[in-house]
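The block underneath contains the structure these notes are about, expressed in structure tokens.
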Amino acid sequence: MAEEVSTNGECHDLSSLLASEERDYLVRNNGEQVKIKDLNGKIVGLYFSASWCPPCRGFTPSLADVYNELSPKGDFEVVLVTSDRDEEAFNSYFAKMPWLAIPFSDSATVSKLKQKFGVSGIPHLVILDASGRVSTAEGVEVIMEYEAAAYPFTLERINQLKEKEEEAKRNQSLKTLLVNGSRDYVISDDGKQVPVSELEGKTVGLYFCVGSYKPCSDFTQKLKEIYNKLKEQGENFEVVLIYLDEDDEVGFNQVLAHMPWLALPFKDKKIEKLARYFELRSIPRLVIIGPDGKTLNPDVAELIEEHGIQAYPFTPEKVAELAEIEKARLESQTLESLLVAGEKDYVIDKTGSKVPVSELVGKHVLIYFSAHWCPPCRAFTPKLIETYNKIKAKETAFEVIFVSSDRDRASFDDYYSDMPWLALPFGDERKAFLSRRFKVMGIPFLVAIGPEGKTITTKTRELIGAYGADAFPFTEEHIQKLKDQLEETAKGWPEKLKLELHEHELVKSRRNGYFCDGCDKPGSNWSFYCKECDFDLHPECALKNDEKANGEDNEVEATVEEDKAKAKDDGSTAETKDDEDKARAPEGYICEGDVCRKV
């Protein structure tokens, strides 16, 4: 996305914007030159794009469709402003475009336009009206949402379309959702056309997925079981596949052939519109449309994962009923209810021997979701080991249970070999239940269970990062005492500092975790912070550079050195090449900062 552009109603002269001292023309992909003055009085889109940018390559065909539909009007033009790095790439990309471009050689004009319109990301489309004023700096979003219907791209027209959209939502039906132009059908697994009208009056699930994506393929199997059971029970339920990968027709055909339900045709234009309409952010996603054609539930994938067929018919009443069941289950939670499943009533120790769950009842237990392939996990584990040993030395009724997300037994064994605690066996099916129960969306993730078997907190990792072993037993009351102690420690420090190290004033701030911009080492709890620049200094680094600190440095240094040591143990060491190879996140995860999250 680009930065917000303030136009103040300025009328831009196209020649001043697009020409240079040597050039008063634009070019087409066949080499034809078009005078810039010929664009005067036209609506002009400045298209900032590049061949190396996947979102650009995805958007360009949509813009081309709109351009081809509008160009016969004679008052609409698009100008490519390239971010390509070499002329060959530019020519190859531009060859697929029906509009004009600033010549590749004129990098000065390209830079001027990017600065003029605050372009910080691509694709980006600025649309100027006939007088040269900016109609919208969000042309990509407008085109994706409304296509050629947005013409002439004025605020008034866009507002009209938004009003129509709201009206359409109020009058939503299966036809408005699934019919597109002359196509009034969906297709079955054998390619037959099934009229959308035959689905009316049914509960319909719109299933957004990509076949090659493992979380989708896993969910598909569960949905398939539920679908078949509901059909056997005679329930009026149907599913329509919305396949999102428009480059994978083979995958689409393979997926549809093994699914018992229906689908929108491959690459149907409704697919993109539905993804925007339902504000798709993640997959798999199952949107439930009620018998009246209205949205009954925007996403029941998690409900199905948690409750299976019991989630049907996905009504608000059923969701409320399940919430009450979940509430009662949480209130009656015990360690056995979490860790015992049928004959699986044990965890394992370092030797592989079985340790009955009953032996852990009455203890403080941390459940540690982690994996060897996850760099943040490998960085945090040494900190947890240190914390474990310190807590264990003063509280024997304490244990940690490792729940692995490793992909193979060798990685599990290698990772677990350095851990001093217990574990679920590799590949144990209880992991899926625990992940759902605690809504684990990323690792490392650490849950604290109290002696009575109740969940104390799912923020245990953050608490250990801030307080180390002192965070035990992780209760709200205990953490508040620690916070109060930290407040007392910092009372003698100045509220604000102005140092040569940074141009702005630094404010004494509570920070969960950061890297000091003075010594480039991690810190936690307290920082002298500049919000405007996201600039942090350890109190030690800040105060030793402050002439007013006088003799207070020694006391401060002792306090912050302890905090720094704690934070350092959280892990900031470089990975070896071998570690990097093993650390590649599996499909469905992305590693960013201090966590590997599910996509």
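The values are calculated or read from the model by the stated rules, or taken from the named source; none is laboratory data. All figures in this text were calculated on a predicted structure; none of them were measured in a lab. For neighbour counting, all protein chains shown are included, and Cβ atoms are generated from backbone atoms with ideal geometry for every residue, glycine included. Ligands, DNA and RNA are excluded from the accessible area calculation, which covers all protein heavy atoms including side chains. Shrake-Rupley method; radii C 1.70, N 1.55, O 1.52, S 1.80 Å.
Structure data summary
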{"read-out": "Rounded percent of accessible protein surface that carbon and sulfur make up, segment 1-143, 1.4 Å probe", "value": "46 percent"}
{"read-out": "Solution diffusion estimate, µm²/s, Stokes-Einstein, the chain, Kirkwood Rh from C-alpha pairs, 37 °C, viscosity 0.692 mPa s", "value": "114 µm²/s"}
{"read-out": "Pairwise centroid distance, computed over Cα atoms, of segment 95-111 with segment 370-385, Å", "value": "48 Å"}
{"read-out": "Segment Arg57-Thr334, length gained on full extension (0.36 nm per residue, minus Cα span)", "value": "94.4 nm"}
{"read-out": "Net charge contributed by nearby residues that have their C-beta within less than 14 Å of Ser111 (K/R +1, D/E -1)", "value": "+2"}
{"read-out": "Rounded to whole Hz, the Karplus (6.51, -1.76, 1.60) HN-Hα couplings of segment 175-180, x for glycine and proline", "value": "5, 5, 7, 10, 7, 9"}
{"read-out": "Asp408-Ala320 pseudo-label distance in nm [points 7 Å out on the Cα-to-Cβ vector]", "value": "5.2 nm"}
{"read-out": "Carbon plus sulfur fraction of accessible area for segment 166-234, probe 1.4 Å, in percent", "value": "44 percent"}
{"read-out": "Probe 1.4 Å, accessible area per residue of the chain, Å²", "value": "50 Å²"}
{"read-out": "Share, in percent, of DSSP beta bridges within segment 296-412 that are antiparallel, nearest 5", "value": "35 percent"}
{"read-out": "Residue-averaged [θ]222 nm for the chain, counting only DSSP H segments that reach four residues, each worth -39500 (n - 2.57)", "value": "-11000 deg cm²/dmol"}
{"read-out": "Relative contact order (percent, whole number), segment 241-312, Cα cutoff 8 Å, 6+ residue spacing", "value": "20 percent"}
{"read-out": "Karplus (6.51, -1.76, 1.60) ³J(HN,Hα), θ = phi - 60°, over segment 121-128, in Hz, Gly and Pro reported as x", "value": "x, 10, x, 9, 10, 9, 10, 9"}
{"read-out": "Cα centroid separation, segment 439-476 to segment 43-67 (Å)", "value": "47 Å"}
{"read-out": "Alpha-carbon centroid distance for the pair segment 167-246 / segment 402-427, whole angstrom", "value": "40 Å"}
{"read-out": "Principal axes of segment 233-279: Cα extent on each, largest first, Å", "value": "36, 26, 13"}
{"read-out": "Within the chain, percent of DSSP bridges classed antiparallel, to nearest 5", "value": "65 percent"}
{"read-out": "Separation of the Asp534 and Gln480 label points, Cα + 7 Å toward Cβ, nm", "value": "3.3 nm"}
{"read-out": "At least 24 Å along the helix axis (C-alpha) and Kyte average at least 0.5, DSSP helices within the chain", "value": "none"}
{"read-out": "Surrounding net charge for Asp129, when Lys and Arg each add one and Asp and Glu each subtract one, Cβ distance under 15 Å", "value": "-2"}
{"read-out": "Bridge type composition, segment 239-362 - antiparallel percent by DSSP, nearest 5", "value": "75 percent"}
{"read-out": "Distance (nanometres) between label positions extended 7 Å along Cα→Cβ at Lys112 and Ala149", "value": "3.9 nm"}
{"read-out": "Net charge contributed by nearby residues that have their C-beta within less than 13 Å of Val194 (K/R +1, D/E -1)", "value": "-3"}
{"read-out": "Relative contact order for the chain, counting Cα pairs under 8 Å that sit 6 or more residues apart, in percent", "value": "9 percent"}
{"read-out": "Extended-chain gain in nm, criterion 0.36 nm per residue less alpha-carbon gap, Asp218 and Lys498", "value": "95.3 nm"}
{"read-out": "Segment 369-415, accessible surface, carbon-and-sulfur percent (1.4 angstrom probe)", "value": "52 percent"}
{"read-out": "Candidates per trypsin sites (Lys or Arg not before Pro) in segment 90-124, loop by DSSP, up to 12 other Cβ within 10 Å", "value": "Lys96"}
{"read-out": "Taking all pairs of distinct alpha-carbon atoms in segment 427-490, Kirkwood radius in angstrom", "value": "13.2 Å"}
{"read-out": "Whole-number D in µm²/s for segment 15-122 (Stokes-Einstein; Kirkwood sum over Cα pairs; 4 °C, 1.567 mPa s)", "value": "92 µm²/s"}
